[in-house]
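K.L.:
Here's a structure for you.
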Amino acid sequence: MARIVAIANQKGGVGKSTTAVSLGAALAELGYRILVVDLDPQGNASTGMGIRHEARGVTVYDVVLSEAPVESAIIPTSVKYLDAVPSTIDLAGAEIELVSQFSRETRLKKALAPVGEGRYDFIFLDCPPSLGLLTINALTAAEELVVPIQCEYYALEGLGQLLRNVNLVQQNINPELRLTGIVMTMFDPRTKLSEQVVQEVRRFFGEVVYDVVIPRTVRLSEAPGFGQPITVYDPRSKGAECYRELAQEVAARPRPESPMPVFDDLPSVVVQPPSTGPAGSPDDELLPPDEPIAAGLPDAEPETEPDAQLDVEPDVEPDGADASAPQVRTASDPLPAPPAPAFGEPDRQSGEPSEVEWTEATAEPRVRPPREVVQPGRLPERRVVVIGENAEIDIEAAREPLVQVPQGARPSVAHASDIGETLQDDGEAPKRRWRLFRKGGQ
Ligand code: ADP
Ligand code: MG
């Protein structure tokens, strides 16, 4: 029997696709027969395995929605023992189309049955950055779950929600589902933050966290652009070595016997970000694309008291009644006008945090070149950048919809944390939510 492993985290950009491809390739190198099923309409895993758009004839969409035989969608990659079921942007509609379908949660499980025995040792399901029906299909089809977590301040954001969904799936559809492992990604050894995040996540999840930690490397970020897994693109690189170690751990670790413990009190912030960041000058915000990641990296990490690292911010529910909770806005509401508070500081007039939660229901996915934002005292990271008046939110790596900021909005620079998608009970389109952090404007 193949071990069917969902790779999920509803946050975008945490390394799901990179892990699906790199881990798959590293296991294939060891001689395991691997299938990677791309369940993300953005098709990053497909691209990362070098499957060109023209080659994506029968896709996971046809398999899940039109009951096309999964065998007809399988494409061998240039790596021996590594096969793929690709996705295309069509899959974006699947989330909605599935709502009204019969046995909508179990379609992928049924579809994979013919290849579940004999043909593969591992089937990895690369989930989209949402908790919609595609992810539910993956959690239903899989017996194991691997969660990549990025070494950043908001590492655990949304994780409580993911694990609650896992519990629901366990109780209702798939009692076999187990959390097999957590893999820490994009670790930057030059910063104290990365180390603190790993420590805190280990403190919460203990042995579930794999020993190996995946570093943030230029090679890993380049590999998908060449359509090659890291083990092929740069076999001797640190990233390749670490994914090989992960492969060893994954192969050696059996599926846990006991169902997952319930984690009710996960904080979204494992390490508190600096409460008062120095005001940035315009040119310290953007790292030119051709500059190495190390450029602009601060030497000094913000000091955090060890005891203050937990429970610093309750996991605020967006619809909570708490007056101090971020406001929920819809796309048609303009962002609040300035005076904008200093980054991370409460607005002096309203007393509200300089953080608004933004719900965006209808946005066209568009592709944009990645941008890196560097702020003093913080890691350079994938950011959503809001620039100037009537600006766009430019979501790095472009797997997220591009959103127009309404006229009149004047945030100077912000970053946004992708909280994920919420499926509407009434069958409406899922809503994607970001938490936006406004930065002080003039
Ligand atoms: P997800 O599938 O969770 O959205 P990806 O795996 O696509 O995330 O990663 C997001 C971006 O970060 C991609 O551009 C990818 O190439 C890059 N990336 C992922 N892991 C690393 C890493 N360890 N080091 C550097 N870049 C990385
Ligand atoms: Mg992905």
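K.L.:
Run ILE96 past the list (1) open to solvent by 10 Å² or more (accessible area, probe 1.4 Å); (2) part of a helix (DSSP H, G or I); (3) at pLDDT 90 or above; (4) of a type in the set (Val, Ile, Thr) and report the number of the one that doesn't hold.
P.N.:
Just one mismatch for ILE96, condition (3).
K.L.:
Name the single residue, out of those in the stretch 112-141 being more than 16 Å from ligand 2 (Cβ to nearest atom) and part of a strand (DSSP E or B), that is surrounded by the most Cβ atoms within 10 Å (Cβ to Cβ).
P.N.:
ILE123
K.L.:
With the requirement that a residue be over 20 Å from ILE74 (Cα atoms) and either hydrophobic (A, V, I, L, M, F, W, C) or away from ligand 1 (no atom under 16 Å from the Cβ) (or both), what does the stretch 96-134 give you?
P.N.:
Hits for the stretch 96-134 are ILE96, GLU97, LEU98, VAL99, SER100, GLN101, PHE102, SER103, ARG104, GLU105, LEU131, LEU133.
K.L.:
Something else now. How many residues are open to solvent by less than 10 Å² (accessible area, probe 1.4 Å) and in a helix (DSSP H, G or I) if we restrict to the stretch 142-173?
P.N.:
The number of residues fulfilling the criteria is 6.
K.L.:
Restricting to the stretch 53-88, name every residue that is hydroxyl-bearing (Ser, Thr, Tyr) and within 18 Å of ALA111 (Cα to Cα). Write out each step before concluding.
P.N.:
Applying the first criterion (hydroxyl-bearing (Ser, Thr, Tyr)) to the stretch 53-88 yields 59, 61, 66, 72, 77-78, 81, 87-88.
Result: THR59, TYR61, SER66, SER72, SER87, THR88.
Residues are listed down the side, and each one gets a yes or a no for (1) in contact with a helix residue (DSSP H, G or I) (Cβ under 9 Å, 6 or more places away or on another chain); (2) among the aliphatic types (A, V, I, L, M):
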site	(1), (2)
TYR32	yes, no
ASP40	yes, no
GLY43	yes, no
VAL79	yes, yes
LEU112	yes, yes
GLU117	no, no
ASP121	yes, no
PRO128	yes, no
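K.L.:
Right, next: Give the stretch 209-240 a look and list any residue that's crowded, with 20+ Cβ neighbours inside 10 Å, within 17 Å of ASN44 (Cα to Cα) and within 16 Å of ligand 2 (Cβ to nearest atom), or say none.
P.N.:
Across the stretch 209-240, the qualifying residues are LEU220, ALA223, PRO224, PRO229, ILE230.
K.L.:
Read through the list (1) in contact with a Ser or Thr (Cβ under 9 Å, 6 or more places away or on another chain); (2) surrounded by 13 or more Cβ atoms within 10 Å (Cβ to Cβ); (3) farther than 14 Å from LEU134 by Cβ, then give the number of the only condition that GLY57 fails.
P.N.:
Single failed check for GLY57: (2).
K.L.:
If you don't mind, another one. Residues being of a type in the set (Val, Ile, Thr) and either part of a loop (DSSP other than H, G, I, E, B) or within 16 Å of ligand 2 (Cβ to nearest atom) (or both): count how many of those fall in the stretch 241-266.
P.N.:
Filtering the stretch 241-266 for residues of a type in the set (Val, Ile, Thr) gives 250, 262.
This time we only want the ones that are either part of a loop (DSSP other than H, G, I, E, B) or within 16 Å of ligand 2 (Cβ to nearest atom) (or both), so: 262.
So the answer is 1.
K.L.:
Next question, about the same structure. Going by the conditions given, is GLY15 within 11 Å of ligand 2 (Cβ to nearest atom), surrounded by fewer than 24 Cβ atoms within 10 Å (Cβ to Cβ) and either under 17 Å from the mean Cα position of the chain (by Cα) or within 30 Å of GLY160 (Cα to Cα) (or both)? Give the derivation first.
P.N.:
Values: within 11 Å of ligand 2 (Cβ to nearest atom): yes; surrounded by fewer than 24 Cβ atoms within 10 Å (Cβ to Cβ): yes; either under 17 Å from the mean Cα position of the chain (by Cα) or within 30 Å of GLY160 (Cα to Cα) (or both): yes.
Yes.
K.L.:
Looking at PRO76, PRO41, can you tell me which residue is within 21 Å of LEU23 (Cα to Cα), without any contact (Cβ under 8 Å) to a residue 40 or more places away in the chain and of a type outside the set (A, V, I, L, M)?
P.N.:
Values: PRO41 fails: without any contact (Cβ under 8 Å) to a residue 40 or more places away in the chain.
Going through PRO76, PRO41 in turn, the sole match is PRO76.
K.L.:
Pull up the stretch 187-240, narrow it to residues that are of a type in the set (D, E, K, R), within 20 Å of the chain's Cα centre (by Cα) and in a loop (DSSP other than H, G, I, E, B), then point me to the one that is farthest from VAL147 (Cα to Cα).
P.N.:
Going through the qualifying residues, I end up with ASP188.
K.L.:
May I pose another question? Assess whether GLN42 counts as being over 22 Å from LEU163 (Cβ atoms) and either open to solvent by less than 40 Å² (accessible area, probe 1.4 Å) or within 15 Å of ligand 1 (Cβ to nearest atom) (or both). Explain how you work it out, then say what you get.
P.N.:
Numbers: over 22 Å from LEU163 (Cβ atoms): yes; either open to solvent by less than 40 Å² (accessible area, probe 1.4 Å) or within 15 Å of ligand 1 (Cβ to nearest atom) (or both): yes.
Yes.
K.L.:
I've got another one for you. Report whether or not MET49 is open to solvent by 10 Å² or more (accessible area, probe 1.4 Å), closer than 26 Å to LEU179 by Cβ and away from ligand 1 (no atom under 11 Å from the Cβ). Give the steps one after another, and end with the answer.
P.N.:
Numbers: open to solvent by 10 Å² or more (accessible area, probe 1.4 Å): no; closer than 26 Å to LEU179 by Cβ: yes; away from ligand 1 (no atom under 11 Å from the Cβ): yes.
Considered against the rule, which asks whether it is open to solvent by 10 Å² or more (accessible area, probe 1.4 Å), closer than 26 Å to LEU179 by Cβ and away from ligand 1 (no atom under 11 Å from the Cβ), MET49 comes out as no.
Every residue, every condition in (1) in a strand (DSSP E or B); (2) within 16 Å of ligand 2 (Cβ to nearest atom); (3) touching a Lys or Arg at 6+ places or on another chain (Cβ under 9 Å), yes or no:
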site: GLY57; (1), (2), (3): no, no, no
site: VAL63; (1), (2), (3): no, no, yes
site: GLU67; (1), (2), (3): no, no, yes
site: ALA84; (1), (2), (3): yes, yes, no
site: PHE102; (1), (2), (3): no, no, no
site: LYS110; (1), (2), (3): no, no, no
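K.L.:
Looking at (1) within 16 Å of ligand 2 (Cβ to nearest atom); (2) surrounded by 19 or more Cβ atoms within 10 Å (Cβ to Cβ), can you tell me which one TYR32 breaks?
P.N.:
Failing condition for TYR32: (1).
K.L.:
Among the numbered criteria (1) away from ligand 1 (no atom under 16 Å from the Cβ); (2) open to solvent by 10 Å² or more (accessible area, probe 1.4 Å), which one does LEU27 miss?
P.N.:
(2)
The values are calculated or read from the model by the stated rules, or taken from the named source; none is laboratory data. The shown structure was predicted, so the numbers you read here are calculated from the model rather than taken from an experiment. No Cβ is skipped: glycine too gets one built from the backbone with ideal geometry, and neighbour counts run over all protein chains shown. These area figures cover heavy atoms from the full protein model, side chains too; ligands, DNA and RNA do not enter into them. Shrake-Rupley method; radii C 1.70, N 1.55, O 1.52, S 1.80 Å.
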